[in-house]
Every structure is written in C-alpha cells, then in structure tokens.
Amino acid sequence: MASPNLHPMMNVAVKAARTAGSIINRAALDVEAVRVSQKQVNDFVTDVDQAAEQAIIETLLTAYPGHGIWAEESGREHGAKDSEFVWIIDPLDGTTNFIHGFPVYCVSIALAVKGKIEQAVIYDPSRNDLFTATKGRGAYLNDRRLRVSKRIRLHECLISTGFPFRQGDDFNTYLRMMGELMPRCAGLRRPGSAALDLAYVAAGYTDGFFESGLQPWDAAAGSLLITEAGGLIGNFTGESDFLEQQECMAGNPKVYGQLVTILGKYSKFASAGEKAERTLNSWAAQPKPTAAT
C-alpha cells in the first residue's frame, strides 16, 4: 500500500521492489529448480534475476513511461534514452548467495535525476527489510530513521567488504589491503551483497565498507542511504564522484577518514608518490633470504 508520507516516485519504487521481492521469495522456496547461467567465471545470472528485473521495469515504466532505465541484466534497452530521469536497477544483488540458499541478497533501485541520486530503495525479501531514502528527507529502515554509527576508534569497528572473484582481478593488492586493515579493526566481514553492505553502514550495523570492481547498480541506492544517514561515500582516495569508477568506500565520517588514510594509496587514482610508498612497503614486508650455513 502506498504511504502518504513518501515521495510519489518513492511509492512506485517501493511497489516495484516488493513485486520483485515476491518473485525472489517464491523462487527461494525451491532454489534447486532455479535455472542458472554464467555471465563469466564466478558471475552468475538466473531466470529469477531476469523475471525480477522485468517486473521492476514494467512497474516503473507504467507509472513513468518517459523515464530512462539502466539495469544490470538488460542495460539501457528499455525506457527513454534521453530522459533526465534514469532508474538504476539491480534486481537481485547477491545472486551467488541466492543460488546457494544463503539468505543475504536484495533488490536495489535508485533514481538519478540529471546524474544525481534522488530516490533509493533497497529491499531484503528474506527479512522483509525495506531501506528507503529521498534526497533531503533522510534514510529509513521500515519506519525507523537511520543514522550511521557513532564509533570513532577503528579498533572497535566492524568493516564489511567484498572479495575479488573475477579472472584478472588484482588479488595480491586486495590481500595487502586486508593485511593492513584487519589488525586495525574489530572484524572484517564479507556478506556477499554490496547493496546490503551499504544499507547496513547506513543503519549503523557496520561502521565502514570498501570494495573494488562495483558497478553503478551495485552502489547507486546505497550511496543515497549512506549520505542521508549522515555518512560519507566515495572512492578509496575519498573523492565523492565514485559511481562509475569501480571503487567504493563508505563509513561514518570519522571511520571514513581513517579508511582513506589506510586504503587511499591502493586507489587507481592515488598519486605517484602514494603508489611508490605502497610498493616500498610491499617490498619491506617480504621475507628476507637467510644466509646459508
């Protein structure tokens, strides 16, 4: 049912997300029957992703036929091609979790107006958790206003991330990033759904997040949740124009600053000096050969 307190476009987005969530929940009752194909190594798509995406697109375009669509599975195939209003859709973020019956996945829908995210919905169908944000109106989980955590000491903080999984990913750099961060924080978590990871930072469940290789549909909705909950989000060097850069880092303001200090040198946008420092530190950390006896 539409809420009178929500922006009209948000009501439509919530309807679309819940429709997709119903499709996902029905399929989850017999996940073994779901047809799975592989886009590339360790990158899966199911008939559930496609059905959920189609339901979202139909709901949005029925209400707003002049809007554009940018979706994970169908790209920009649907909707108006020149609209200032573009819906950015991930119909099932966490597909690998879903096909294993691991209940950490969600629907992510964002509306960009002239390139700026103004509406965001992340819906976790397995928990019936609805995260929403409208620019300038705050972020919510169901009816509860969200704020990022207040922790300021990194050693007390829980940080979430996503592991590299594609051929060609820079696993060694990621291991060095983990090696620097893990001794400095209370714990590092890899739930497997970047959109939910960002929602959890907005809710204060975790204190920070970082991941490379993300696409705009992974982070668009979560980025507005973060900022409307009082947090910061950007690339590893802290620049806020991150959405198409395949680097994402978020956290409450104090934690975000500390993450930039630790991980900024691993950014592809880091200065030559920062990259040289990283290389020197890497060499210094390698075990030295011992003299023969």
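Mind checking whether some residue in region 167-187 is under 21 Å from Ser223 (Cα atoms) and in contact (Cβ under 8 Å) with a residue 24 or more places away in the chain?
Scanning region 167-187 turns up no residue that is under 21 Å from Ser223 (Cα atoms) and in contact (Cβ under 8 Å) with a residue 24 or more places away in the chain.
Please verify whether region 138-147 includes one or more residues that are in contact (Cβ under 8 Å) with a residue 12 or more places away in the chain, on the phi > 0 side of the Ramachandran plot and assigned to a strand (DSSP E or B). Steps first, answer last, please.
The initial filter retains those residues of region 138-147 that are in contact (Cβ under 8 Å) with a residue 12 or more places away in the chain, namely 138-139, 141-142, 146-147.
After this cut, where a residue has to be on the phi > 0 side of the Ramachandran plot as well, the list is 138, 142.
Retained after the next criterion (residues that are assigned to a strand (DSSP E or B)): 138.
There is at least one residue in region 138-147 that is in contact (Cβ under 8 Å) with a residue 12 or more places away in the chain, on the phi > 0 side of the Ramachandran plot and assigned to a strand (DSSP E or B).
Using beta carbons and a limit of 6 Å, which pairs, at least six apart or on different chains, have the first residue in region 52-66 and not assigned by TED's automatic domain parsing to the domain that holds Asp93 and the second one assigned to a loop (DSSP other than H, G, I, E, B)?
Listed pairs, sorted by first residue: none to list.
Looking only at region 62-78, which residues are out of contact with any helix residue (DSSP H, G or I) (no Cβ under 6 Å at 6 or more places or on another chain) and within 20 Å of Gln50 (Cβ to Cβ)?
Across region 62-78, the qualifying residues are Thr62, Gly68, Trp70, Ser74, Gly75, Arg76, Glu77.
Kindly provide the set of residues from region 158-189 that are assigned to a loop (DSSP other than H, G, I, E, B) and either in contact with a Pro (Cβ under 9 Å, 6 or more places away or on another chain) or in the same structural domain as Tyr123 (by TED's automatic domain parsing) (or both), ordered by number. Before you say what the answer is, go through the steps one by one.
Filtering region 158-189 down to residues assigned to a loop (DSSP other than H, G, I, E, B) leaves 162-170, 185-186.
Listed by number, the residues that qualify are Gly162, Asp170.
Consider Lys81 against the criteria (1) at pLDDT 95 or above; (2) over 20 Å from Val14 (Cβ atoms): it satisfies all of them except one. Which criterion is unmet?
(1)
Please find, within region 71-129, the residue that is surrounded by the fewest Cβ atoms within 10 Å (Cβ to Cβ) out of those that are out of contact with any Gly (no Cβ under 8 Å at 6 or more places or on another chain) and of a type in the set (Val, Ile, Thr).
Checked region 71-129; the qualifying residue surrounded by the fewest Cβ atoms within 10 Å (Cβ to Cβ) is Val113.
Restricting the first residue to region 23-47 and requiring it to be assigned by TED's automatic domain parsing to the domain that holds Pro91 and at pLDDT below 80, which pairs with a second residue that is loosely packed, with under 10 Cβ neighbours inside 10 Å and aromatic (Phe, Trp, Tyr) meet a Cβ separation below 6 Å and a spacing of at least six or different chains?
Pairs that qualify, where the first residue is assigned by TED's automatic domain parsing to the domain that holds Pro91 and at pLDDT below 80 and the partner is loosely packed, with under 10 Cβ neighbours inside 10 Å and aromatic (Phe, Trp, Tyr): there are none.
In region 6-112, which strands (runs of 3 or more DSSP E) lie fully inside it and hold 1 or more residues that are among the charged types (D, E, K, R)?
36-40, 43-46, 85-93
Going through region 67-88 one residue at a time, which ones are among the aliphatic types (A, V, I, L, M) and in contact (Cβ under 8 Å) with a residue 24 or more places away in the chain?
Ala71, Val86, Ile88
Looking only at region 210-242, which residues are of a type outside the set (Ser, Thr, Tyr), over 19 Å from Tyr140 (Cα atoms) and in a strand (DSSP E or B)?
Phe210, Glu211, Gly234
Restricting to region 243-268, what's the tally of residues that are part of a helix (DSSP H, G or I) and in contact with a Ser or Thr (Cβ under 7 Å, 6 or more places away or on another chain)?
Kept after step one, since they are part of a helix (DSSP H, G or I), are these residues of region 243-268: 253-266.
From what is left, the residues that are in contact with a Ser or Thr (Cβ under 7 Å, 6 or more places away or on another chain) are 260, 264, 266.
Result for region 243-268: 3.
The values are calculated or read from the model by the stated rules, or taken from the named source; none is laboratory data. As the structure is a prediction and not an experimental result, all values here were calculated from the model. Cβ coordinates were reconstructed from backbone atoms using ideal geometry, including for glycine residues, and neighbour counts include every protein chain displayed.
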